[in-house]
Amino acid sequence: MDPHDDLRRFRISTVGTDDPAYRPHITLLHRDSVTSPRQADEAWAALRGERLDADFVVTELVVYEEIGGGWREAARPRFGRDAEVITDAQTPN
């Protein structure tokens, strides 16, 4: 699932611990960002026919944090050969 230990190292650097029970996941719709049931229907319709059990490589994540009741991009870590982390201060406006 994490052949080069990139996600494990990222978790340790951000959370401060390694949790072998942690399972990486992708949030399709977050309850705080959904404004109508139609969004969920559209998201699932867009996934029909997709093979989600296929291998893939994660080269970039977008990490969001909640501040003052709103969500903002906190970091954009990149994995692999060109690995780097772009923080909010580096993100172009």
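The values are calculated or read from the model by the stated rules, or taken from the named source; none is laboratory data. As the structure is a prediction and not an experimental result, all values here were calculated from the model. Because the Cβ atoms are built from the backbone with ideal geometry, glycine has one as well, and the counts that use them run over all protein chains shown.
Details
- Candidates are the residues of the range 29-78 that are part of a strand (DSSP E or B) and not charged (D, E, K, R); the one that is farthest from Leu7 (Cα to Cα) is Gly70.
- Selection within the range 9-29 - over 17 Å from Glu60 (Cβ atoms) and either among the hydrophobic types (A, V, I, L, M, F, W, C) or surrounded by 10 or more Cβ atoms within 10 Å (Cβ to Cβ) (or both): Ile12, Val15, Asp18, Asp19, Ala21, Tyr22, Leu28, Leu29
- Looking only at the range 73-93, residues that are within 25 Å of Arg31 (Cα to Cα) and at pLDDT 80 or above come to 3 in all.
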